[in-house]
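Worksheet: one structure, shown below.
The values are calculated or read from the model by the stated rules, or taken from the named source; none is laboratory data. Note that this is a predicted model, so its numbers are computed, not measured. Note that each Cβ is placed from the backbone with ideal geometry, even for glycine, and that neighbours are counted across all protein chains shown.
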Amino acid sequence: MKRLSGAPCTLACVVLGALLMTGCGAAAQDPKAPVGFTTSPTYITIENRSGNALAEGLIELVPSGVLAPFRRELPRLESGAKRDMPYDLFTGAGGARFRPGATRIRVVRITAKDISGKTYTVEAPFN
């Protein structure tokens, strides 16, 4: 089999990269979701966009592979409010603390219930 070199190889890599990035971009977080989040290197910020106060909830960091999710309760969050949750407060099976450099997170899942009893579930890729 003949190996590509030079310009044809570069073009093939660029096309393949563009196709992969297009596929990944479609799974982005919905900006109209009732509960949203943003990530940073040390914490995740939860935002309440539902219009009512969130009385209770659960945040799950779902890792790649077979590991159990790392969880943290979502305390009361008023309408329009944001709250920073440090990663070291998330615990997994057996009380293991989440360490960003040691575990690769695939998805963030947030389940919350507002004061009127309506339940919201949001799931989006961890970026």
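Things worth noting here:
- Being acidic (D, E) and buried (at least 16 other Cβ atoms within 10 Å of the Cβ) holds for only one residue in E73, E78, E60, and it is E60.
- Considering V66, V122, the condition of being at pLDDT below 95, surrounded by 17 or more Cβ atoms within 10 Å (Cβ to Cβ) and among the hydrophobic types (A, V, I, L, M, F, W, C) is satisfied by V122 alone.
- Qualifying residue in segment 83-100 (condition: touching a Pro at 6+ places or on another chain (Cβ under 6 Å) and surrounded by 15 or more Cβ atoms within 10 Å (Cβ to Cβ)): yes
- Looking only at segment 92-122, residues that are under 28 Å from S79 (Cα atoms), part of a loop (DSSP other than H, G, I, E, B) and of a type in the set (D, E, K, R) come to 1 in all.
- Residue that is nearest to S50 (Cα to Cα) [pool: residues in segment 99-114 that are within 14 Å of the chain's Cα centre (by Cα) and basic (K, R)]: R109
- From V35, V14, residue being of a type in the set (V, I, T), at pLDDT below 95 and over 17 Å from the mean Cα position of the chain (by Cα): V14
- Scanning segment 84-98 for residues that are within 15 Å of the chain's Cα centre (by Cα) and not hydroxyl-bearing (S, T, Y) yields D84, M85, P86, F90, F98.
- Among the residues making up segment 60-82, those that are of a type outside the set (V, I, T) and not in a strand (DSSP E or B) are S64, G65, L67, A68, P69, L74, P75, R76, E78, S79, G80, A81.
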